[in-house]
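Right, one structure below, let's go through it.
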Amino acid sequence: MTDIVSWLQELTQALPPFLRWVGVLVAGAVPYVEAEGGAALGVIAGLDVRISIPVAIVGNALALAAVVWLAGAARAGVTRGRTKSATPKMQRVRRVFDRYGVPGVSLLGPLLLPSHVTAAAMVGFGAPRTRVFVWGVAAVAAWAVVIGVLVHLGVSAAVA
């Protein structure tokens, strides 16, 4: 494990500082990597945890804003009045949505699917875009802080 951490740290240290943060920002925007993974990658790469976590959250928030806006536009325009059969994953998201609402799906969603997918689904189900975005960012931030701090503690213990 320490070999991988050392290799990644050496690799990123060769990059200009600005590109290190851009990498964390982009990683945070990628579905399935999300802010949690971006923060963890930043910490493992040797970047400051106090900056890695917020930068990864901003990356995810930018992507989430785009997804929420596009899903809302699609629902309002293209899918108006139509019904579509849902996939089993979407049926599961709908059951969770009906039971827990926007806050519950936002906070629990990352355990099942990327925040981008759950946000698009909630907007598609008719949830208000602003509420989905705010809860989505709050949930991603919470998960990023937890994962980022745990990884920071783990890397600190492994290197020491």
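General remarks:
- Looking only at residues of segment 77-106 that are surrounded by 12 or more Cβ atoms within 10 Å (Cβ to Cβ) and at pLDDT below 70, we find that the one that is farthest from the chain's Cα centre (by Cα) is Thr79.
- Just one of the listed residues (Gly109, Gly59) is in contact (Cβ under 8 Å) with a residue 24 or more places away in the chain, in contact with a Ser or Thr (Cβ under 9 Å, 6 or more places away or on another chain) and open to solvent by less than 50 Å² (accessible area, probe 1.4 Å), and it is Gly109.
- The set of residues from segment 1-50 being of a type in the set (Lys, Arg) and open to solvent by less than 60 Å² (accessible area, probe 1.4 Å) comprises just one member, Arg20.
- With respect to (1) under 30 Å from Glu10 (Cα atoms); (2) open to solvent by less than 50 Å² (accessible area, probe 1.4 Å); (3) at pLDDT 90 or above, the lone exception for Val145 is condition (2).
- Candidates Val117, Val151, Val137 - the one that is in contact with a helix residue (DSSP H, G or I) (Cβ under 6 Å, 6 or more places away or on another chain), open to solvent by less than 70 Å² (accessible area, probe 1.4 Å) and over 30 Å from Ser6 (Cα atoms): Val137
The values are calculated or read from the model by the stated rules, or taken from the named source; none is laboratory data. Predicted, not measured: the structure shown is a model, and the values here were computed from it. Every residue, glycine as well, gets a Cβ built from its backbone with ideal geometry; the counts of neighbours run over all protein chains shown. Ligands, DNA and RNA are stripped out before the accessible areas are found, and what is left, the full protein with its side chains, is counted by its heavy atoms. Shrake-Rupley method; radii C 1.70, N 1.55, O 1.52, S 1.80 Å.
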